[in-house]
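Notes for the one structure printed next.
The values are calculated or read from the model by the stated rules, or taken from the named source; none is laboratory data. If you're wondering where the values come from, they're calculated on a predicted model, not measured in any experiment. Glycine gets a Cβ as well: all are built from the backbone with ideal geometry, and neighbour counts include every protein chain shown.
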Ligand code: FCB
C-alpha cells in the first residue's frame with residue numbers, strides 16, 4: 001500500500017556522492033532504561049531527575065524506551081528504514097558502575113548483543129563514548145571539575161576500543177560538549193546542575209583534555225579506527241542591535257560554537273575565553289588536546305539568540321524573532337542557517353562532515369486511526385536535507401546525514417513531553433508506531449540510492 005500523502009514534499013536529491021551514509025541517532029540515557037539492571041551504576045542524570053523541579057513532570061529515564069530489552073525490535077525498525085548506519089552511545093556507568101576500576105561484564109554483553117543485531121541487519125554502528133551520562137561515582141570525585149577525569153575517560157575509551165573495535169570503526173569521543181558543560185556547569189539546567197563561571201571553564205578544559213587523551217587511546221588500541229567528535233553548531237544572533245546584546249552574542253558564540261572544536265582541531269582557544277581558561281591550562285595541554293581526527297560530527301537544529309543578562313557568563317538565551325516559523329517545541333525553522341553552518345564548518349575545520357543530528361520536536365499524538373501524521377516534521381526534514389544538498393553543491397564536504405531521532409525518548413529537562421522520534425513511542429505500553437515521517441525518510445533514502453547503470457556499475 002502506498003502511504004504517500006498527496007501533499008508530501010518532494011524528496012530532496014543530493015548531488016551524487018558514492019558512499020553517502022543515511023542514518024539515525026540515539027543516545028544511551030535517552031532510550032535504554034534498565035537503569036538499575038545487570039549491575040549498571042547510577043549516572044549524574046539519575047540523581048538530577050530525582051531533584052524536585054529539575055525535569056518536567058518529574059520524569060525519569062528509569063525505563064525510557066526500554067531499548068535495553070527491546071533493541072531487536074528497534075534494529076528491525078532501522079532495517080525497515082533502509083539506513084546504512086546507526087549512531088548510538090555507550091553508557092559509561094553501565095560499563096564502569098564506579099566510573100573506573102572493575103568493568104561490568106553484563107553491561108559489555110548488552111553492547112555485544114546490539115552490535116551483533118546491527119551486523120545481522122547490515123547496519124554500520126557509530127559509537128559515541130559520552131552523551132552526558134557521567135557515572136555518579138566520578139561526580140563524587142569532582143567529575144569534570146577534576147583534572148583526573150581525562151585519564152579516567154581515556155581508560156574507558158581504551159576498554160571500549162579493545163572490546164568493540166573488531167566490529168566498530170567509527171568512534172566519537174563526545175556528543176555536544178558545549179551543552180553538557182554550559183548547561184551542566186554554567187546555567188544549572190542539566191546535570192549536575194551547577195551555575196558557576198569558574199566551574200564551567202574548568203569543566204570545559206577537562207572535557208577537551210579528555211577528548212585528546214581518548215583519541216590517542218582509541219588510536220593506540222585500534223590504529224584503523226575513524227575518530228571524530230560531535231559538535232552542536234548554530235549561528236548565534238544578538239536579540240537586539242544594542243552593544244550589550246552584541247557582546248552577549250559574541251560570548252555565547254565563543255562558548256557554544258568554538259570552545260571545543262577550535263582547540264581540538266585548530267589547537268587554539270577562542271580569544272574571548274582565554275583569561276577564564278588559563279588557570280586550568282598546564283604546559284603541554286594544547287598539544288594533548290589537538291590530536292588528529294578523521295571526521296567532524298555536526299549537530300544542528302536552528303539558530304540561537306542571545307541577550308545580555310546578569311548570569312555567571314553575562315548572557316542569556318533570547319527568544320527568536322516572533323515572525324520566525326517554529327517547530328512544535330518552539331525551535332526556529334531556518335534551513336538557510338543550516339546550509340550556512342555547514343559551509344562555515346567546512347571552511348573552518350576542513351574535515352569530512354557527517355550531520356550526526358538534525359530533526360524536529362513536537363507533541364505528536366496518534367489520530368483516531370492510530371496513525372501519527374507528523375507533516376510538520378516531514379516539511380522540516382525536506383527543507384533541511386534540501387539545504388544540506390545546497391551546501392554540498394556549494395562545496396561543503398558532507399558524507400552522511402543522521403536524523404535525530406529514531407524513537408521518541410527521554411528529552412532531558414523536558415522529560416517525555418518533547419517528541420523528536422520518527423517512531424512514536426507509547427510509553428505506558430512501549431508500543432512503537434512509525435510516524436508518517438518514518439515512511440517519508442525511508443522513501444527519501446531510497447530515492448537517493450545510487451542507480452545502477454546498465455553495466456551494473458553505480
Ligand atoms: C541535542 C542532543 C540530543 C537531543 C536533541 C534534541 O542537543 O544531543 O540528545 O536532546 O538535542
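The table for this structure:
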| item | result |
| --- | --- |
| Residue match in segment 77-84 (condition: more than 15 Å from the ligand (Cβ to nearest atom), crowded, with 16+ Cβ neighbours inside 10 Å, in contact (Cβ under 8 Å) with a residue 40 or more places away in the chain and farther than 30 Å from residue 382 by Cβ) | no |
| Of all residues in segment 419-452 being buried (at least 18 other Cβ atoms within 10 Å of the Cβ) and assigned to a loop (DSSP other than H, G, I, E, B), the one that is modelled with the lowest pLDDT | 448 |
| Pairs, first on the phi > 0 side of the Ramachandran plot in segment 10-38, second not in a helix (DSSP H, G or I), C-beta under 7 Å, six or more apart | 33/61; 33/62; 33/63; 33/64; 33/65; 33/66; 34/40 |
| Subset of segment 293-313 [more than 14 Å from the ligand (Cβ to nearest atom), in contact (Cβ under 8 Å) with a residue 40 or more places away in the chain and out of contact with any helix residue (DSSP H, G or I) (no Cβ under 6 Å at 6 or more places or on another chain)] | 293, 294, 295, 305, 309, 311 |
| Every residue from segment 20-63 that is in contact with a strand residue (DSSP E or B) (Cβ under 9 Å, 6 or more places away or on another chain), within 14 Å of the ligand (Cβ to nearest atom) and either modelled with pLDDT under 95 or over 15 Å from residue 93 (Cα atoms) (or both) | 24, 25, 26 |
| Residue check for residue 236: under 25 Å from residue 138 (Cα atoms) and within 16 Å of the ligand (Cβ to nearest atom) | no |
| Within segment 335-369, tally of residues that are away from the ligand (no atom under 16 Å from the Cβ) and out of contact with any strand residue (DSSP E or B) (no Cβ under 7 Å at 6 or more places or on another chain) | 13 |
| Qualifying residue in segment 205-228 (condition: in a strand (DSSP E or B) and either within 25 Å of residue 276 (Cα to Cα) or in contact with a helix residue (DSSP H, G or I) (Cβ under 7 Å, 6 or more places away or on another chain) (or both)) | yes |
| Single residue of segment 319-336 satisfying the filter (buried (at least 16 other Cβ atoms within 10 Å of the Cβ) and part of a loop (DSSP other than H, G, I, E, B)) that is farthest from the chain's Cα centre (by Cα) | 320 |
| Residue match in segment 402-410 (condition: in contact (Cβ under 8 Å) with a residue 60 or more places away in the chain, within 14 Å of the ligand (Cβ to nearest atom) and assigned to a helix (DSSP H, G or I)) | no |
| Answer from 316, 288 - the residue that is in contact with a helix residue (DSSP H, G or I) (Cβ under 8 Å, 6 or more places away or on another chain), surrounded by fewer than 20 Cβ atoms within 10 Å (Cβ to Cβ) and part of a helix (DSSP H, G or I) | 288 |
| Subset of segment 184-194 (residues that are within 13 Å of residue 134 (Cβ to Cβ) and touching a residue at least 12 places away in the same chain (Cβ under 8 Å)) | 184, 185, 190, 191, 192, 193 |
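Each row is one residue, and each column tells you yes or no for (1) crowded, with 24+ Cβ neighbours inside 10 Å; (2) closer than 29 Å to residue 414 by Cβ; (3) within 16 Å of the ligand (Cβ to nearest atom).
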| residue | (1), (2), (3) |
| --- | --- |
| 125 | no, yes, no |
| 132 | yes, yes, yes |
| 154 | no, no, no |
| 187 | no, yes, yes |
| 207 | yes, yes, yes |
| 213 | no, no, no |
